[in-house]
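The values are calculated or read from the model by the stated rules, or taken from the named source; none is laboratory data. Computed from a prediction, not measured in an experiment: that's the story for all the values here. When we count neighbours, we look across all protein chains shown, and the Cβ atoms used for this are built from the backbone with ideal geometry, even at glycine.
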Amino acid sequence: MKKPITVTVNGVAHHDEVEPRLLLVHYIRDVLGLTGTHVGCETSICGACTVILEGQAAKSCTMFAVQADGESVTTIEGMAASGDLHPVQEGFWEQHGLQCGYCTPGMIMAAAQILDRNPDPTDAEIRHGLEGNLCRCTGYQHIVEAVQNAARKMKGQEATGD
Amino acid sequence: MAKYVGQRIKRTEDPRLIQGLGHYVDDIKLPDTLHVAFLRSMYAHAKIKSIDTSEAAHAPGVVAVYTGKDVAGKIGPVPCAAALPGLKIPHYPVLAGDHVTFVGHPIAAVVAIDKYAARDAIDLIMVDYEELPVVVDVEEAAKGGPLVYEEYGDNIAYKLTSGEGDIEAALAASDHVIKQRIVHQRLIPIAMEPRGVLARYYPGEKELTIWTSTQIPHLARTQLAIMLGVPENKVRVIAPEVGGGFGSKLNVYAEEGLVGWIAMQLGKPVKWIEGRRENFQSTIHGRGQIGYIEVGCKNDGTITGLRYNVFADMGAYLQLLTPAIPTLTGLMLSGCYKIPAIQMNVTAVFTNKMSTDAYRGAGRPEATQVIERAADLVAAELGMDPVEVRRKNFPEPTEFPFKTATGLFYDSGNYQGALDKALGMADYTKMREDQKKAREQGRIFGIGVSTYVEICAIGPSAATPAGGWESATVRIEPTGKVTILTGASPHGQGQETSFAQLAGDELGVDLNDVTVIHGDTSIVQYGIGTFGSRGTAVGGTAVFNALQKLKEKATQLAAHLLGVDASSVTFKEGRFSVEAAMAAAGGNGDSAKEASAPKTVSIQEVALAAHVAHQIPPGFEPGLSATNFFEPSNFTFPFGTHIVQVEIDRETGKIDIQRYVAVDDCGNVLNPMLVDGQVHGGIVQSIGQALYEEAVYDEQGQLVTGTLMDYAIPKAAMVPWMELDRTETPSPVNPMGVKGVGEAGTIGATPAIVGAIVDALSPFGVRHLDMPIKPEVVWRIISASA
Ligand code: FES
Ligand code: FES
């Protein structure tokens, strides 16, 4: 029995009828066609599927699409206005925070949340904040540097912004 | 200094990846795609008495169900490309027939309109198994044990002896012979993107396209054409974005053949995306050796001989290179030392487990672990500093090419240089003083040193199963944009950038005007692929050579356009010019022509002229492209020194890596940022092996560590900050002097980490520990002495 849901993804409201067991990540990828959110385990360990749900980083393989009814989701595709890059995305690019890129969207979402909660994190705090995201390529060092790079940029932006 | 080569250039592949706009297999959506799910063997060893698929076939959304009977004789076996004397290669059906020999072998495939329906229907298939005795332990299997294949009469896949020198005499003449059993535990590669296959068949064109997450699109095309009986020129394999491989995608798998075949049967696109649990069970594993070291030495620390008797765990079947991996171990047993006699005796053994094959390092981490542990054992035996034992046995930089007793010629090296640099960075003398103080305070503190050499740029064709060359085409389009087609198949290494750097400098064009295409067998000339740290040293050299050829051709046309002889044209920063002296002196004397000729022409103008072809010299082939197939004359041998400092918590056995210093020498460097990234990733996979990771099968052959909850790959907070530097000893094997770096970290790191922990625990009488060294192991040692 399909259920009607309304989910706002990257600022656009989507109305769909979905099976109650459809995972949120499959809704995002297969129904909406936003394939930047990846699946690495479907068991809420790897973090490849991390999105921002109502302002909180969430693993979209661990919830059903129907649980997101009425809520708003930001995926990697919605991190910045089209054509621009979010400072965290820039940080990953500048510091070589990715190799194969598979973990990267999830990493970027998790990193954005770390900086949202703590604009000036230590390396250890960044590493702790990324506990839910696995990367098999980078050894994490450049990812930590990417997040620090983004932190510097975001502080700079705030300073000049007001 | 070059504008691009040698610089920290940001990667050109990143913008799409950081915005979620790349396309991995599962991101490619074709209309009317059907989805496949597999029922896999739940027993490690069993007869299949019957399979009942009738209920599944009628389940909602199910389109077809196939079992081994349906494909027998229609799809060829999963291929093994290795050839060794006396090698037994079991027939490896894509869907099991009446005999399963490991947990995870596909038994049935369900095709349905979506993946949920396919997975649901899997549960409706009834299989009647008759369990058979299981053999898991490699030494038990070698001795006899239950047989994986009755028809063979034993579990031995092959036996091989390699090495040179009189080992018996060498050991007999040694002052000391030290023996040590050593375990290289089975590992699971875990690329973050699991495998995935999408296939589409056009019956009119008779064209089968297979998108697959692979490191070897062309080799896969050849093998899949053979498996499916489709002409190779009607099979197109595309490796789109590939989310990591580490060797696990250097293979041809049952699912690739099956999904292609199903697409041909049903005339619709068919997709299978591997689940993580399937990835644990059914994608190749790595390592899996248990060996016995005998190392001989003199009282002054000179190593006189090394014997390594090893049981190599093949698993139940031989995948593409399974049996070849231990031979790489044999090649690298000399490490970076002068050892006159070396012998390896391999017994390769079938067990009821997933196949082993190439996992990052592929046989060389085992060799490095053997020889580096041996060097540490010699140091412990003689009471020498491990650094001194190493120094004592290094060849001098002037001794290269250096011949080993394993039959190799190391291309170039300066082992002392890398060691000295690392000792300086670590401040080794102070580290040892700190250790002394720490021990006086009752702390458990250790230092480990690994001086490694590895074999890269695989390799000369004579030494590889299916060609060891690589190909590249470079062309300049009429609008002046540069296209590089590489037979390498990068999947995270960043060669879209580093190859563009080469073209940028060689052709004097902007980096953003270069595009690098790889992974599509219909677009790119035949190639070998990315593995064995060959992407840059072999694939990059092909690009470099093609660029030189292209420049020669462009120079011919430029000279024609400039109205001079090619020898008077210079090329700099993208422009061909007539040398000032030539122009002033009136060139070749044809003054009317010279008066009207421009003095300089850009490479873009030459490209356009080459395509328009209105004004080309006689015999000039229109167009501007060049292809090179580069056959390396030797491997390359990167090396380095890693130094690790650990402190161990007495109460819990927790191991804290306090410092990690690495000096790696991979020859000349195209992009230091990418090299650092490769080294970081390699070291962390090694930390995984040293401290956390182990594929554990129980005695029934069930994979106990079958999820990311049970198999611990390192997380960000589990790994230390790495202090990196380099020395650069160019390789003479290729014109760029590069060596390769993809596996260096993985090969150099484990002995340094293990060495540090053993050193920390040496006051407790410890001389060796097998990996993974878990806190429990350490804690038991400490508490036993308390
Ligand atoms: S796919 Fe969701 S955490 Fe791995
Ligand atoms: S970049 Fe490959 S898994 Fe992180």
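Only residues that are surrounded by fewer than 22 Cβ atoms within 10 Å (Cβ to Cβ) and at negative phi: list them for segment B:474-505, please.
Applying the first criterion (surrounded by fewer than 22 Cβ atoms within 10 Å (Cβ to Cβ)) to segment B:474-505 yields B:475, B:477-481, B:483, B:496, B:505.
B:Arg475, B:Glu477, B:Pro478, B:Thr479, B:Lys481, B:Thr483, B:Glu496, B:Asp505, listed by residue number.
I'd like to check something: does segment A:118-131 contain any residue that is closer than 24 Å to B:Arg11 by Cα, surrounded by 22 or more Cβ atoms within 10 Å (Cβ to Cβ), within 16 Å of ligand 1 (Cβ to nearest atom) and within 10 Å of chain B (Cβ to nearest Cβ)?
Yes - at least one qualifying residue is present in segment A:118-131.
Regarding segment A:70-85, can at least one residue be identified that is buried (at least 18 other Cβ atoms within 10 Å of the Cβ) and within 16 Å of ligand 2 (Cβ to nearest atom)?
Yes: segment A:70-85 contains one or more residues that are buried (at least 18 other Cβ atoms within 10 Å of the Cβ) and within 16 Å of ligand 2 (Cβ to nearest atom).
Does B:Gly701 satisfy the criteria of being over 21 Å from the mean Cα position of the chain (by Cα), within 16 Å of ligand 1 (Cβ to nearest atom) and of a type outside the set (Val, Ile, Thr)? Quick ask: steps written out before the conclusion?
Details: over 21 Å from the mean Cα position of the chain (by Cα): yes; within 16 Å of ligand 1 (Cβ to nearest atom): no; of a type outside the set (Val, Ile, Thr): yes.
Taking the combined requirement at face value, the residue does not satisfy it.
Select, from B:Ile484, B:Ile523, B:Ile517, the only residue that is within 19 Å of B:Thr627 (Cα to Cα) and either modelled with pLDDT under 95 or in a loop (DSSP other than H, G, I, E, B) (or both). Steps first, please.
Values: B:Ile484 fails: either modelled with pLDDT under 95 or in a loop (DSSP other than H, G, I, E, B) (or both); B:Ile517 fails: either modelled with pLDDT under 95 or in a loop (DSSP other than H, G, I, E, B) (or both).
Just one listed residue meets the conditions, B:Ile523.
Can you find a residue that is polar (S, T, N, Q), more than 14 Å from every other protein chain (Cβ to nearest Cβ) and not in a loop (DSSP other than H, G, I, E, B) anywhere in segment B:215-222?
Checking segment B:215-222: at least one residue is polar (S, T, N, Q), more than 14 Å from every other protein chain (Cβ to nearest Cβ) and not in a loop (DSSP other than H, G, I, E, B).
Scan A:Gly40, A:Gly47 and give me the residue that is more than 8 Å from every other protein chain (Cβ to nearest Cβ) and modelled with pLDDT of 95 or more.
Within the list A:Gly40, A:Gly47, the selection yields A:Gly47.
Does B:Asp770 qualify as being out of contact with any Pro (no Cβ under 8 Å at 6 or more places or on another chain), among the acidic types (Asp, Glu) and within 22 Å of B:Arg364 (Cα to Cα)? Steps first, please.
On the way: out of contact with any Pro (no Cβ under 8 Å at 6 or more places or on another chain): yes; among the acidic types (Asp, Glu): yes; within 22 Å of B:Arg364 (Cα to Cα): yes.
Judged against the criteria, B:Asp770 is a match.
Output the residue which, of all residues in segment A:91-109 that are under 25 Å from B:Pro240 (Cβ atoms) and in a helix (DSSP H, G or I), is nearest to ligand 1 (Cβ to nearest atom).
Residues of segment A:91-109 that are under 25 Å from B:Pro240 (Cβ atoms), as a first pass: A:92-93, A:96-109.
Now restrict to residues that are in a helix (DSSP H, G or I): A:92-93, A:104-109.
Numbers: A:Phe92: 19, A:Trp93: 24, A:Thr104: 14, A:Pro105: 11, A:Gly106: 7, A:Met107: 12, A:Ile108: 15, A:Met109: 12 Å.
In this case the residue turns out to be A:Gly106.
Of everything in segment A:110-141, what is within 16 Å of ligand 2 (Cβ to nearest atom), in a loop (DSSP other than H, G, I, E, B) and not aliphatic (A, V, I, L, M)? Give them in sequence order.
Listed by number, the residues that qualify are A:Glu131, A:Gly132, A:Asn133, A:Cys135, A:Arg136, A:Cys137, A:Thr138, A:Gly139, A:Tyr140.
Could you check A:Glu77 against (1) of a type outside the set (Ser, Thr, Tyr); (2) over 30 Å from B:His680 (Cα atoms); (3) in contact (Cβ under 8 Å) with a residue 12 or more places away in the chain; (4) out of contact with any helix residue (DSSP H, G or I) (no Cβ under 8 Å at 6 or more places or on another chain) and say which number it fails?
Of everything listed in (1) of a type outside the set (Ser, Thr, Tyr); (2) over 30 Å from B:His680 (Cα atoms); (3) in contact (Cβ under 8 Å) with a residue 12 or more places away in the chain; (4) out of contact with any helix residue (DSSP H, G or I) (no Cβ under 8 Å at 6 or more places or on another chain), A:Glu77 misses just condition (2).
Hey, does segment A:88-102 have a residue that's of a type in the set (Ser, Thr, Tyr) and away from ligand 2 (no atom under 15 Å from the Cβ)? Working first, answer last.
Residues of segment A:88-102 that are of a type in the set (Ser, Thr, Tyr), as a first pass: A:102.
Keeping just the survivors that are away from ligand 2 (no atom under 15 Å from the Cβ) gives none.
No, segment A:88-102 contains no residue that is of a type in the set (Ser, Thr, Tyr) and away from ligand 2 (no atom under 15 Å from the Cβ).
Quick check on my filter: what residues within segment A:30-52 are part of a loop (DSSP other than H, G, I, E, B) and within 15 Å of ligand 2 (Cβ to nearest atom)? First the steps, then the outcome.
Residues of segment A:30-52 part of a loop (DSSP other than H, G, I, E, B): A:32-49.
Correct list: A:Gly36, A:Thr37, A:His38, A:Val39, A:Gly40, A:Cys41, A:Ile45, A:Cys46, A:Gly47, A:Ala48, A:Cys49.
Could you list, in sequence order, the residues of segment A:13-40 that are without any contact (Cβ under 8 Å) to a residue 24 or more places away in the chain and within 17 Å of the chain's Cα centre (by Cα)?
Across segment A:13-40, the qualifying residues are A:Arg29, A:Leu32, A:Gly33, A:Thr35, A:Val39.
Starting from segment B:450-463, take each residue that is assigned to a helix (DSSP H, G or I) and list its partners that are surrounded by fewer than 24 Cβ atoms within 10 Å (Cβ to Cβ), counting only C-beta distances under 8 angstrom and pairs at least six apart or across chains.
B:Ser461/B:Gly467; B:Ser461/B:Gly468; B:Ser461/B:Trp469; B:Ser461/B:Glu631; B:Ala462/B:Gly468
Within segment B:383-427, which residues are charged (D, E, K, R) and part of a loop (DSSP other than H, G, I, E, B)?
B:Asp385, B:Glu396, B:Asp411, B:Asp427
So which residues in segment B:684-727 are of a type outside the set (Val, Ile, Thr), assigned to a loop (DSSP other than H, G, I, E, B), buried (at least 16 other Cβ atoms within 10 Å of the Cβ) and out of contact with any helix residue (DSSP H, G or I) (no Cβ under 6 Å at 6 or more places or on another chain)?
B:Glu693, B:Glu694, B:Ala695, B:Gly701, B:Gln702, B:Leu708, B:Tyr711, B:Lys715, B:Pro720
State which residue is surrounded by the fewest Cβ atoms within 10 Å (Cβ to Cβ) when the search covers only segment A:12-63 and only residues that are closer than 18 Å to B:Arg119 by Cα and more than 13 Å from ligand 1 (Cβ to nearest atom).
Restricting to residues being closer than 18 Å to B:Arg119 by Cα and more than 13 Å from ligand 1 (Cβ to nearest atom), the top hit is A:Arg21.
Only one of (1) more than 9 Å from chain A (Cβ to nearest Cβ); (2) in contact with a Leu (Cβ under 9 Å, 6 or more places away or on another chain); (3) within 30 Å of B:Glu131 (Cβ to Cβ) is not met by B:Leu708, so which one is it?
If we test B:Leu708 against (1) more than 9 Å from chain A (Cβ to nearest Cβ); (2) in contact with a Leu (Cβ under 9 Å, 6 or more places away or on another chain); (3) within 30 Å of B:Glu131 (Cβ to Cβ), just (1) comes out false.
Looking only at segment A:97-115, count every residue that is without any contact (Cβ under 8 Å) to a residue 40 or more places away in the chain and more than 10 Å from chain B (Cβ to nearest Cβ) and tell me the total. Full working, then the answer.
Kept after step one, since they are without any contact (Cβ under 8 Å) to a residue 40 or more places away in the chain, are these residues of segment A:97-115: A:99-101, A:104, A:108, A:111, A:114-115.
Within this subset, residues satisfying the condition of being more than 10 Å from chain B (Cβ to nearest Cβ) are A:111, A:114-115.
Result for segment A:97-115: 3.
Which residues, counting only those in segment B:495-539, are closer than 20 Å to B:Lys549 by Cα, over 19 Å from the mean Cα position of the chain (by Cα) and small (Gly, Ala, Ser)?
Passing the criteria: B:Ala500, B:Ala503, B:Gly504, B:Gly508.
Going through B:Glu477, B:Glu440, B:Glu506 one at a time, which residue ends up being modelled with pLDDT of 95 or more, under 30 Å from B:Glu372 (Cα atoms) and among the charged types (D, E, K, R)?
None of the others qualify; the one that does is B:Glu440.
Which of the following residues is in contact with a Ser or Thr (Cβ under 6 Å, 6 or more places away or on another chain) and of a type outside the set (D, E, K, R): B:Tyr317, B:Tyr308?
B:Tyr317
State whether one or more residues within segment A:100-114 are out of contact with any Pro (no Cβ under 9 Å at 6 or more places or on another chain) and under 20 Å from B:Arg8 (Cα atoms).
yes
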